[in-house]
1. Select from 94, 116, 55 the residue farthest towards the positive end of the dipole of the chain; place +1 on Cβ of Lys and Arg, -1 on Cβ of Asp and Glu, and compute about the Cα centre.
2. Could you calculate the contour length gain from residue 16 to residue 34, that is, 0.36 nm times the residue separation minus the distance between their Cα atoms, to one decimal place in nm?
3. Using the Cα atoms as the points, what is the convex hull volume per residue of the chain in Å³?
4. With a sphere of radius 11 Å drawn around the Cβ of residue 105, what net charge do the other residues whose Cβ falls strictly inside it have (Lys, Arg +1; Asp, Glu -1)?
5. To the nearest 20 debye, what is the magnitude of the charge dipole of the stretch 5-120 about its Cα centre, counting +1 on the Cβ of each Lys and Arg and -1 on the Cβ of each Asp and Glu?
6. Under 8 Å for C-alpha pairs, at least 6 residues apart: give me the relative contact order for the stretch 8-94, rounded to a whole percent.
7. Summing Lys, Arg as +1 and Asp, Glu as -1, what charge do residues with Cβ under 13 Å from the Cβ of residue 31 carry, residue 31 excluded?
8. Between residue 83 and residue 23, what's the calculated FRET efficiency when r is the beta-carbon distance and R0 is 30 Å? Round to 0.05.
Amino acid sequence: MENKTYRIRVYVPNEEIGIIVNEAIDCNVYNITNSFDGKGNIIAIYDGYINTLGLCLFISLGVVYFPLDNYGDFIITCPNCGERIDDDMILLSYNDDVLSGYNINCNRKECGVQMANVEFLNQ
């Protein structure tokens, strides 16, 4: 397994995930570049850098994330229609949709704003 660095967005929906993410930050496993207060069911959102091993650890611990680069290492699909997401469907601005945990706007079958299913291919 190649040890690459990824830029990801992490969603913190509860205290347990918050503790995991904060521990990863404290141990320099996850290096944040931006943090935002979430809305609705999302307490906070963190953007930052993590390597392959750290990402695999996050995945095994149930941390919800979304890739912000290296899209070829992931399969990103709409949870509603199951279709793969195009780059222009990814929400990039930090508006209320993103702060509420959504990361795509699927226009294939009028699914609308969703939290994508993400599969990491390099596990």
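Rule-based calculations on the coordinates, nothing more; no lab input. Nothing here was measured: the structure is a model prediction, and the numbers come from that model. Counting neighbours? That spans all protein chains shown, and the Cβs are built from the backbone with ideal geometry, glycine included.
1. Value: 116.
2. 4.4 nm
3. In the chain, the Cα convex hull volume per residue is 99 Å³.
4. In short, -3.
5. Around 120 debye, computed over the stretch 5-120.
6. Once normalised by length, the contact order is 31 percent.
7. Net of charged neighbours comes to -1.
8. The calculated FRET efficiency here is 0.25.
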